[in-house]
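Presented below is the structure to which this report refers.
The values are calculated or read from the model by the stated rules, or taken from the named source; none is laboratory data. In this text, all values refer to a predicted model and were calculated from it rather than measured experimentally. All Cβ positions, glycine included, derive from the backbone under ideal geometry; neighbour counts span all protein chains shown. Side chains are part of the model used for accessible areas, which takes the heavy atoms of the whole protein and leaves out ligands, DNA and RNA. Shrake-Rupley method; radii C 1.70, N 1.55, O 1.52, S 1.80 Å.
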Amino acid sequence: MSEPSRKTCALVDARDNEACVRCGRSLWSVPGSRHHRKPRSVAGVDERHTAANLVLLCGSGTTGCHGWVHAHVADAETHGWLLASCQDPELVPVDTVRFGRVFLDLDGGVRLTDGGPAEEGTDIEQWHRAFVFTGGDESELVQG
């Protein structure tokens, strides 16, 4: 089975601050994984490994928050951590400890659920401006 690109992994890790979106625990201190909001088995090829479909969760598919999400499907769907096959990851908001309830985009960015862009000076706006990818090596994340 295919895996997300290094670029996508770097975008998701940076966006989620290398922490679980559900509980906020740093994935430097506990095991974690990139969770597919829309399961790989039902996601289309073009959306399966996108930044909008991936979030960081502590634990594995059976432990920690990742395990909780799979054990509590209805609650997880309410928070946007799990999606049905007919849902578009870019159009279903997700609850995060860092940003609150936001929409995720394909470029690793977030959009507020009120429809507006992040305001100048907010954590979201500062984060989005802080990370860019170089044109040469897609896996090289540059802070600038």
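I'm trying to understand the selection: among the residues of region 94-110, which are surrounded by 17 or more Cβ atoms within 10 Å (Cβ to Cβ) and assigned to a loop (DSSP other than H, G, I, E, B)?
Listed by number, the residues that qualify are Phe99, Asp105, Gly108, Gly109.
Please tell me if Leu141 is modelled with pLDDT under 50 and surrounded by 14 or more Cβ atoms within 10 Å (Cβ to Cβ).
yes
Return the pair list, or none, for Cβ contacts closer than 6 Å from residues in region 51-79 that are closer than 21 Å to Asp13 by Cβ to residues that are of a type in the set (Phe, Trp, Tyr), at least 6 apart or on different chains.
Pairs found: Val69/Trp81.
From the list Arg40, Arg22, Arg48, which one is at pLDDT 95 or above and in a loop (DSSP other than H, G, I, E, B)?
Going through Arg40, Arg22, Arg48 in turn, just one is at pLDDT 95 or above and in a loop (DSSP other than H, G, I, E, B): Arg22.
For region 4-38, which residues satisfy the criterion of being on the phi < 0 side of the Ramachandran plot, in contact with a Lys or Arg (Cβ under 9 Å, 6 or more places away or on another chain) and not basic (Lys, Arg)?
Pro4, Thr8, Cys9, Val12, Asp13, Asp16, Ala19, Val21, Gly32, His36
Does region 77-86 hold any residues that are more than 16 Å from Asp16 (Cβ to Cβ), of a type outside the set (Val, Ile, Thr) and open to solvent by 60 Å² or more (accessible area, probe 1.4 Å), and which are they?
If the condition is that a residue be more than 16 Å from Asp16 (Cβ to Cβ), of a type outside the set (Val, Ile, Thr) and open to solvent by 60 Å² or more (accessible area, probe 1.4 Å), then Glu77, Ser85, Cys86 are the ones that fit.
So if I check each of Trp28, Trp68, which one is of a type outside the set (S, T, N, Q), out of contact with any Ser or Thr (no Cβ under 9 Å at 6 or more places or on another chain) and not in a helix (DSSP H, G or I)?
Every option except Trp28 fails the conditions.
When the residues of region 1-50 are narrowed to those that are among the hydroxyl-bearing types (Ser, Thr, Tyr), without any contact (Cβ under 8 Å) to a residue 24 or more places away in the chain and closer than 21 Å to His79 by Cα, which ends up surrounded by the fewest Cβ atoms within 10 Å (Cβ to Cβ)?
The selected residue is Ser41.
State the number of residues belonging to region 20-36 that are of a type in the set (D, E, K, R) and out of contact with any helix residue (DSSP H, G or I) (no Cβ under 7 Å at 6 or more places or on another chain).
1
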